[in-house]
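The values are calculated or read from the model by the stated rules, or taken from the named source; none is laboratory data. What you see is a predicted model, and the numbers here were worked out from it, not measured in a lab. Virtual Cβ from ideal backbone geometry, glycine too; neighbours counted across all protein chains shown. Just the protein is used for accessible areas: all its heavy atoms, side chains included, with ligands, DNA and RNA removed. Shrake-Rupley method; radii C 1.70, N 1.55, O 1.52, S 1.80 Å.
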Amino acid sequence: MYLAEVSSWEIVKKQYRYKLRSYFGVFSSLVVIQILATFFSLNGTGMSGGSSGTFSYNVNYYSGDLILAFVMIWGFITAIIITTKAYRYDDYSFVTNRKISHFSNILFLMSASLFAGITVFLSSHLCRLLAVYVKHVDGIMMNQLTITQILKGVSATVLYIFLFVSIGYFVGMLIQVNRLFSFLIPVGFIGFLIMDGLHNDPTLLQTIALFFGSEALLTLLFVKIITVSALFYVLAILISNRMEVRS
Amino acid sequence: MKTVECIELTKQYGKTKAINNLSFTLSENKITGLIGRNGAGKTTLLKMIAGYLRHSSGEIQVFGVNPFNSLKVSANTIFIDNGMSFSNMLTLLELLESAKRFYPNWNHDLALKLFDYFSFSPNLSHVNLSKGMKSTFNMIIGLAARCPLTIFDEPTSGMDAGTRKDFYRALLKDYIAEPRTIILSSHLIDEVEDILEEVLLIKNGEKLLHTPVEELKEFAIGIRGKTEALKEWMEKIEPIYIQEIGANISYAVIKNDRSLIELENAKAIGLEVVPVPTEDICTYLTSKTKGGIDHVFS
Amino acid sequence: MTVMVSVLPILIIILLVTGIGTYAFKSHKKRYRSPRRMKWVVGGYTILLFVATVLSYTFFPGNPTESISFSEEEISKVENEQDRMINLALNGTLPKTDGIFTKKKTWTFPYEEKDLKISDKNEQEYHANVFVVSKPSDDGVIEAAHYMGKMIVDGIDFTEKKNLPKINVEESTLRIKAPEGIEVNFTKFSEGFAFDQFTRGQSLFSRSYFSVHGSEFILLKVPKSVKVSGDFNYVNME
Amino acid sequence: MWYVGGEISLILNPDSMKPIYIQISEWLESEILNRTIDTNEKIYSQYQLAEMFNINPATAAKGINILADEKVLYKKRGLGMFVAADAKEIILIKRKNTKLNAMVTELAKEAVQLNVSEEELINMIRGMHQKIKGEEK
């Protein structure tokens, strides 16, 4: 019997197509999370008010921020879940190796981030519509964004989700390599938040957030996020390359 | 051509050696039975061959390369066991179609016919299947994939007697239609004996025997008779198995390498020379002690 | 402790999403759910979102605003200029108000008396300075004008929403009545920080918009011989 | 296309201590003796035998090879194995020599154990022989 010659890229594509179908649960959990976030956003995501003499005002903000925050965390958790045994074993029922598994995962996560990013934008509009026609808010003001601004914003949204996904993937792999990390990482993170807040001003977390959040050029934001994500993926691949399957 | 070659292969978990210094070669297009008791290291060995596990020392080559993390090995090997995991987001039929995309030799016609024959309903998910049905479904994938190296690890667990029979017949027929290297692990040899060409017998991760299956039948003989006579005759012979079966009567299994004269001598002192069923040979060879379970009670 | 308080909502969200996420996944692995139904749910939801977005762009009752185009610099410039002008006036000189204060309303009252008392507006919650200019002649007319500076809060220009005070002269008293109290409610929609990031001056942490509360003053021009008493400042017009 | 479950139920005895390939060669011999397969006809291939008896083709090949070694079968290049002209004679002689010999040995042993005299034994054999011959006619 002759041996099949296969190219890695072909198999990556096949695994990716297979994963789009077999990991479909990822998308349904996204729907749940988004509906929930939209529901929470219905009371407004922010408020401000004040008065000046006989004049007083209240501004109620509705933005996609909360939805995006939820979805970023969803991306983080989704990536962790994809690194767990149950999902890794699915790959190995068919042709694969560790690298192909990683690359098809990354492609899948990219697609999921893309879908998530677009739906975040769309669901902020659903939220608007509900606020106006269900909650009957008044004095409506909004930004009129151009198509370019919308495209830029959606791209940034996708990038932010992808950033969280890549962190999640790395964290997930750490946990797979050693269970201890599932305890160390949350404890370390909360500890870091507290220490960071107590001693520094501005805090490191804020600095990190500003590193991305204050970037007014989409191309630079793209470069920043892709570089950082790539770093996390490379680390994830390196730490898991010696890992056994189904041991 | 060698499909699988292991030289002093060892797999260690901490201090325990799951596979210990195992050397053997599987040549192309043979059906080999991997026989051993539970915990003998069958699954560990097969997973190393399939490239799932890394070996600790020695050498392992499948299709001429180290199988661990090898795409070449993965593309040409299918490993069927009851730990196979499939997403529930795909129906059984969709799973077959997915498998079709991955394996160039995939025989979809065969897959669908087997699928019908075993009356699977196409809209079910893998998770809905009972253990036996899962094994049957996995078996369909294993057969239809027609991989140059096909590994079945305890494939019939959970299957009923009829399905088992069907499976082995299907395996044989498809092997005749498309010869390939097949490794079949089992703890029972009598079930698979007929369709095997070779047997690899392992115990505690070590190789006991690797022979054509016919030679296994002639590997050992049984000697039965008065305990004293038996002991006397066996003075210089290491038994594979020995047991007292009644008042003053014992039964021993020894390697079939005695000369005709020695056997005639045995008959002369009232000992009986009897053949030993293959299954028993395997059991005795792979058992933990030379006395079997009776030893515990004596 | 403030750190904990600010971190708390994040932690709650994390816990919530983790809980829901893992539940959704676990059930995906263990329990049987019809894949077909899940595809319908996801597909249906996506279609719903598209429809909602199209509706939101076509049938939305809102006013597009240019609100976010005020940058920090612009706002502080406006505020500084207002303050500077009021301070100058308090020191006796009223510069030209062009572009900083707008004349909103004028009143004229025929007046023949010798004294004018400006009623104490401090009883009311209305803080508008009163500046008085002595006219070069006795023309028997008091001219009053109300000037208003820009009021911008949270990037929204409220200047036009403010009510005007009422001024009248009875006998020898000029009364300034505070404008009717008004409460304005606004709902402001935005796509979120990932969108604001690329529009001018709005980055992740400058979301609390800089605001200027808008000064007002009333300028009275009185005939030369009228003596004014009360809470006011004499100014010279530039 | 083949279908599952078409196995011919077998004359092979799974409990027999004889290796399967011996059983196969003996079965082929019987087929030749019964004239199911006649002289100069093609004998079953190893794959046909494997399917018929549900055994590994290599095992079936061994069974065929025994007969080839004994010149019961001859090989036509590229066509397979054929029954030799004197196949029946070879088989009969072999059976007489080996099978019958072994059976007689067993018979004699059993007779000694059961205290059957030589004469008695020969009479029994003669009687049975005539009876079977009569039935065949």
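So in the stretch A:36-54, with the set limited to residues that are free of Cβ contacts under 8 Å to residues at least 24 places away in the same chain and of a type in the set (V, I, T), which one is nearest to the other protein chains (Cβ to nearest Cβ)?
A:T54
Can you name the number of the only condition in (1) within 12 Å of another protein chain (Cβ to nearest Cβ); (2) part of a loop (DSSP other than H, G, I, E, B); (3) surrounded by fewer than 19 Cβ atoms within 10 Å (Cβ to Cβ) that B:S119 fails?
Looking at each condition in turn, B:S119 falls short on (1).
Suppose we filter the stretch C:138-167 for residues that are open to solvent by 60 Å² or more (accessible area, probe 1.4 Å) and more than 14 Å from chain A (Cβ to nearest Cβ); how many remain?
Residues in the stretch C:138-167 being open to solvent by 60 Å² or more (accessible area, probe 1.4 Å) and more than 14 Å from chain A (Cβ to nearest Cβ): 3 in total.
Can you tell which of D:I64, D:I122, D:I55 is buried (at least 17 other Cβ atoms within 10 Å of the Cβ) and outside any loop (DSSP other than H, G, I, E, B)?
D:I64
Quick one: A:N178 ticks every box in (1) within 13 Å of another protein chain (Cβ to nearest Cβ); (2) open to solvent by 70 Å² or more (accessible area, probe 1.4 Å) except a single one, so which number is it?
Here A:N178 clears every test but (1).
Listed here are the residues, each with its yes/no results for (1) of a type in the set (G, A, S); (2) open to solvent by less than 40 Å² (accessible area, probe 1.4 Å); (3) touching a residue at least 24 places away in the same chain (Cβ under 8 Å).
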position	(1), (2), (3)
B:F24	no, yes, yes
B:E28	no, no, yes
B:L34	no, yes, yes
B:R37	no, no, yes
B:K42	no, yes, yes
B:K47	no, yes, yes
B:I60	no, yes, yes
B:V65	no, no, no
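Suppose we keep only residues that are facing another protein chain (nearest Cβ under 7 Å) and open to solvent by less than 60 Å² (accessible area, probe 1.4 Å) within the stretch A:12-22. Which one would you say is modelled with the lowest pLDDT?
Restricting to residues being facing another protein chain (nearest Cβ under 7 Å) and open to solvent by less than 60 Å² (accessible area, probe 1.4 Å), the top hit is A:S22.
Which one is nearest to the other protein chains (Cβ to nearest Cβ) among residues in the stretch B:188-212 that are out of contact with any helix residue (DSSP H, G or I) (no Cβ under 8 Å at 6 or more places or on another chain) and open to solvent by 20 Å² or more (accessible area, probe 1.4 Å)?
My answer is B:T211.
Consider the stretch B:84-97. How many of its residues are at the interface with another protein chain (Cβ under 7 Å from one of its Cβ atoms), closer than 26 Å to B:T43 by Cα and not aromatic (F, W, Y)?
Qualifying residue count, the stretch B:84-97: 4.
Listed here are the residues, each with its yes/no results for (1) among the acidic types (D, E); (2) open to solvent by less than 20 Å² (accessible area, probe 1.4 Å); (3) in the same structural domain as B:E206 (by TED's automatic domain parsing); (4) assigned to a strand (DSSP E or B).
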position	(1), (2), (3), (4)
B:R54	no, no, yes, no
B:V73	no, yes, yes, no
B:I78	no, yes, yes, yes
B:G83	no, no, yes, no
B:S98	no, yes, yes, no
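Let's see how each residue does on (1) more than 7 Å from every other protein chain (Cβ to nearest Cβ); (2) within 20 Å of the chain's Cα centre (by Cα); (3) at pLDDT 75 or above:
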| site | (1), (2), (3) |
| --- | --- |
| C:Y32 | no, no, no |
| C:A52 | no, no, yes |
| C:N63 | no, yes, no |
| C:S76 | yes, yes, yes |
| C:Y111 | yes, no, yes |
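Within the stretch D:8-28, can one find any residue that is among the charged types (D, E, K, R), closer than 27 Å to B:D174 by Cβ and at pLDDT below 90?
Looking for residues that are among the charged types (D, E, K, R), closer than 27 Å to B:D174 by Cβ and at pLDDT below 90, one finds none in the stretch D:8-28, hence no.
Against the definition (touching a residue at least 24 places away in the same chain (Cβ under 8 Å) and within 12 Å of chain D (Cβ to nearest Cβ)), how does B:D153 come out, yes or no?
no
Quick one: is B:A177 closer than 23 Å to B:H108 by Cα, surrounded by fewer than 18 Cβ atoms within 10 Å (Cβ to Cβ), at the interface with another protein chain (Cβ under 8 Å from one of its Cβ atoms) and of a type in the set (A, V, I, L, M, F, W, C)?
yes
Please verify whether the stretch C:93-105 includes one or more residues that are within 14 Å of chain A (Cβ to nearest Cβ), assigned to a loop (DSSP other than H, G, I, E, B) and modelled with pLDDT of 75 or more.
no
Give the residue that is nearest to the other protein chains (Cβ to nearest Cβ), with candidates limited to residues of the stretch A:103-138 that are open to solvent by 10 Å² or more (accessible area, probe 1.4 Å), without any contact (Cβ under 8 Å) to a residue 12 or more places away in the chain and not aliphatic (A, V, I, L, M).
A:D138
Give all pairs with beta carbons closer than 8 Å in which a residue from the stretch B:182-201 that is over 21 Å from D:A61 (Cβ atoms) meets a residue that is at pLDDT 90 or above and among the acidic types (D, E); count only pairs at least 6 apart in sequence or on separate chains.
Filtered contacts from the stretch B:182-201: B:S185/B:D153; B:S185/B:E154; B:S186/B:E154; B:H187/B:E154.
If we only count helices (runs of 4 or more DSSP H) wholly inside the stretch B:174-290, which ones have 1 or more residues that are β-branched (V, I, T) and farther than 20 Å from D:N54 by Cα?
B:227-233, B:260-268, B:278-286
Based on this model, can you work out whether C:L88 counts as surrounded by fewer than 17 Cβ atoms within 10 Å (Cβ to Cβ) and either more than 9 Å from chain A (Cβ to nearest Cβ) or modelled with pLDDT of 65 or more (or both)?
Criteria met by C:L88.
Please find, among A:V132, A:V154, the residue that is of a type in the set (V, I, T) and in contact with a strand residue (DSSP E or B) (Cβ under 8 Å, 6 or more places away or on another chain).
When all the criteria are applied, what remains is A:V132.
Kindly establish whether B:P148 is in contact (Cβ under 8 Å) with a residue 12 or more places away in the chain and either facing another protein chain (nearest Cβ under 10 Å) or β-branched (V, I, T) (or both).
So B:P148 passes the test.
Would you point out the residue of the stretch B:98-116, among those that are of a type in the set (K, R) and within 14 Å of chain A (Cβ to nearest Cβ), that is nearest to the chain's Cα centre (by Cα)?
Step by step, filter the stretch B:98-116, then rank; the result is B:K100.
Anything in the stretch D:68-115 that is touching an Asp or Glu at 6+ places or on another chain (Cβ under 7 Å), in contact (Cβ under 8 Å) with a residue 24 or more places away in the chain and either farther than 24 Å from D:N40 by Cβ or assigned to a helix (DSSP H, G or I) (or both)? List them, or say none.
Passing the criteria: D:I91, D:K94.
Every residue in the stretch B:122-149 that is in contact with a strand residue (DSSP E or B) (Cβ under 7 Å, 6 or more places away or on another chain) and among the polar types (S, T, N, Q), please.
Scanning the stretch B:122-149 gives B:N123, B:S125, B:N138.
For the stretch C:222-238, give me each residue that is open to solvent by less than 60 Å² (accessible area, probe 1.4 Å) and modelled with pLDDT of 80 or more.
Once the filter is applied, which keeps residues that are open to solvent by less than 60 Å² (accessible area, probe 1.4 Å) and modelled with pLDDT of 80 or more, the stretch C:222-238 yields C:V222, C:P223, C:S225, C:V226, C:V228.
Name the residues in the stretch B:216-261 that are loosely packed, with under 14 Cβ neighbours inside 10 Å and out of contact with any strand residue (DSSP E or B) (no Cβ under 7 Å at 6 or more places or on another chain), would you?
Selection gives B:E228, B:K231, B:E232, B:E235, B:K236, B:E238, B:G246, B:A247, B:D257, B:S259, B:L260, B:I261.
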